[in-house]
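Where a number appears in this text, it was derived from the coordinates with a stated rule and is not lab data. All values derive from a computational prediction rather than experimental measurement. As a convention, Cβ positions derive from the backbone with ideal geometry for all residues, glycine included, and neighbour counts pool all protein chains shown.
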Amino acid sequence: MANLKKIRTRINSIVSTQKITRAMKMVASAKVKKFENRVKASRPFTFELEKMFYRLLHSINEIETKQVDFKEPLNNYPVLLEEREIKTAGLLIITSNKGLSGAFNANLARYTLKTINEYKEKGIKCELFIIGQKGYNVLKRQEKEYDFKINQTYLSFSETPTSSQSRLVAADMARAFVNGDIDSMEIITTRFKNMMSYSVEKWDILPLDEIDFDYTKEEFSDMEIEPGLSAVLSELVPLFISSIIFQAMLESIASELASRMTAMSAACNNAEEMIQKLTVDYNKARQAMITQELTEIVGGSAAINK
């Protein structure tokens, strides 16, 4: 009887867990389609903005480097666009605040530590800007072992990325860049592919790489810039940096939801298999108990009739 009770308790426990995983799967399925549409809608804008930005930079002879008072480091385009030797890399790691999303956060942490090791071999230090509680929990424990510094954390961002959030992150990274704390801005995030897959990638923001668009020479003709190059760049550079960060955040949340949907679907299927197996075990144990009771009754009856 004790064995039957134990099996029945396990079945009830798994059924309760299955209800939770099924609900989480349904929620993730409903949200991931919404964010998939947002990701696909924002990609053309981010690409065209980057294309326009590179075209502008290649259409001017040189960037003005005269001393100008900027309200924020993010507007300080002369320093942000200057070429410099990379001694300290600034890495923005975009993870999630919630778990139960398969290997999503683990893959990001593993890729981050691999990148830090590669930089260490080149004599380059790393400072991290971490979005998401899960990434912070993992990387904080590895800070001393891998010899990196956590510069800023963003653990209270809402599940839905906003432009103000990306602007805040961009401002913090720009401040560290202008102050000389970091010499590059890079993002480690996931690129959403479809409902079943994503890839962990590193995106380089600053310093600017060589142009990667198929331009004709005519497209690099001189441009008339109004109200002036300084005014345009002081607004375009912050937009360029924050837009790439915003795109990375959108890609990350879509990948997270897709990973959670897949993980919860697998959990539901595993729970169903365990319930079926335990139900069979329960029926066998119950049948064995009934058979034993019948045997004892028959044996007792035979003993009385002797």
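Within the chain, DSSP assigns beta bridges of which about 35% are antiparallel (rounded to the nearest 5). Extending 7 Å from Cα along the Cβ direction at Asn117 and again at Ala30 yields two label points whose distance is 4.2 nm.
The separation of region 19-38 from region 90-109, counted between C-alpha centres, amounts to 18 Å.
With respect to the chain, whose longest principal axis is taken over its alpha-carbon atoms, helix 104-121 is tilted by about 50°.
For the peptides 32-39, 165-172, residues were scored by their other Cβ atoms within 10 Å and the scores averaged per peptide; the highest-first order is 165-172, 32-39. Remark on Gly99: its backbone amide H falls under 5 Å from none of the residues 5 or more positions apart or on other chains, H modelled at 1.01 Å from N. Taking other residues whose beta carbon is less than 13 angstrom from the beta carbon of Asp181, and scoring Lys, Arg as +1 and Asp, Glu as -1, yields +2. Compute the signed sum of charges (Lys and Arg +1, Asp and Glu -1) over the other residues within less than 10 Å, Cβ to Cβ, of Thr160. That sum, taken over residues with Cβ under 10 Å, equals +2.
Of all lysines in the structure, those lying under 25 Å Cα to Cα from Lys114, and not within fewer than 8 positions of it along the same chain, are Lys87, Lys98, Lys122, Lys125, Lys134, Lys140, Lys144, Lys149, Lys193, Lys202. Computed log10 I(q)/I(0) for the chain at 0.07, 0.15, 0.16 Å⁻¹: -0.41, -1.18, -1.28, from the Debye equation with unit scatterers placed on every C-alpha and solvent omitted. The 3J(HN,Hα) values that the Karplus relation (6.51, -1.76, 1.60; θ = phi - 60°) gives for region 273-288 are, in residue order, 5, 5, 5, 4, 5, 5, 5, 5, 4, 5, 5, 5, 5, 5, 5, 5 Hz. Gly and Pro appear as x.
Measuring between their Cα centroids, region 248-285 and region 125-195 lie 30 Å from each other.
Its residue count N sets the reference 2.2 N^0.38 Å, and the alpha-carbon radius of gyration of region 30-136 equals 1.43 times that reference.
Taking a ≥ b ≥ c as the square roots of the eigenvalues of the Cα gyration tensor, an a/c ratio below 1.5 marks region 84-215 as rounded. Among Ala248, Ala271, Ala28, the residue with the largest mean-square fluctuation in a Gaussian network model of the chain, with springs joining Cα atoms closer than 10 Å, is Ala271. The packing ranking, built from the mean of other Cβ atoms within 10 Å per residue, places the peptides 18-26, 84-92 in the order 84-92, 18-26, highest first.
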